[in-house]
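The values are calculated or read from the model by the stated rules, or taken from the named source; none is laboratory data. All of these numbers come straight from a predicted model, not from anything done at the bench. We work out accessible area using only protein heavy atoms, side chains counted, and drop any ligands, DNA or RNA first. Shrake-Rupley method; radii C 1.70, N 1.55, O 1.52, S 1.80 Å.
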Amino acid sequence: MKINDVLRGKGNQVVTISPEATVTELLALLADHNIGAVVVSPDGSSVAGIVSERDVVRLWNGTPDAGDVRVSSIMTTDVATCGPDDHIDNLMRLMTDRRIRHVPVVVDGSLTGLVSIGDVVKSRIGELEFEREQLSNYITR
C-alpha cells in the first residue's frame with residue numbers, strides 16, 4: 001500500500017498556519033479543526049515547519065505570555081516528508097524512528113497532503129481485515 005492510497009481515503013485537505021501567527025491563533029486552529037498538528041507554511045503550499053500540541057505544552061511550561069509567542073519560534077523546522085508513491089511500511093518506520101505522528105506529503109516542493117499515525121493505523125487495520133476475509137473465504141470454499 002502506498003501513501004496515495006491513504007490520501008484517497010481521507011482526502012488531501014491540509015490545515016496550515018503562518019509562521020508569524022501566535023500560539024493563541026494556533027490553539028484556536030487546532031481546536032476548530034480537532035487536530036493535533038499543523039503544517040507551518042508562509043504561502044499554504046511550501047513547508048517551513050510543523051507544530052504540534054506537544055510543542056505548545058513544552059512552551060507553556062514556564063513561559064510567561066506564551067500565547068503571544070510566534071509559531072516560528074516553536075515549530076520543528078527539520079520536517080520529515082514523504083511522497084504519494086512512497087510505501088506505507090516506510091512511513092511507519094519513519095514515524096517510529098523519528099517519534100513523530102504527522103508527516104506532510106510533498107510533490108515537487110508543494111504540500112499535497114498530511115498523513116497522521118491514526119491514518120496509518122486505520123489503513124493497516126483495513127488491510128488486515130481484508131486479508132482475514134480473503135483467508136476465511138478461501139478456507140470455507
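A few comments on the model shown:
- Average accessible area per residue (Å²) across the range 1-129 - probe 1.4 Å, nucleic acids and ligands excluded: 56 Å²
- Percentage, to the nearest whole number, of Cα pairs in the range 1-136 over 23 Å apart: 36 percent
- Of all accessible heavy-atom area on the range 1-111, the percent that carbon and sulfur account for (1.4 Å): 44 percent
- Distance between the C-alpha centres of the range 45-79 and the range 101-127: 21 Å, rounded to the whole angstrom.
- Solvent exposure ordering (accessible area, 1.4 Å, most first) of 141, 54, 99: 141, 99, 54
- Cα extents of the range 21-65 along the three principal axes, largest first (Å): 33, 20, 15
- Distribution of pairwise C-alpha distances over the range 79-135, 5 Å bins, in %: 4, 18, 27, 21, 14, 9, 5, 1, 0
- Under the span-like rule (Cα at least 27 Å along the axis, Kyte-Doolittle mean at least -0.5), DSSP H helices of the chain: 117-140
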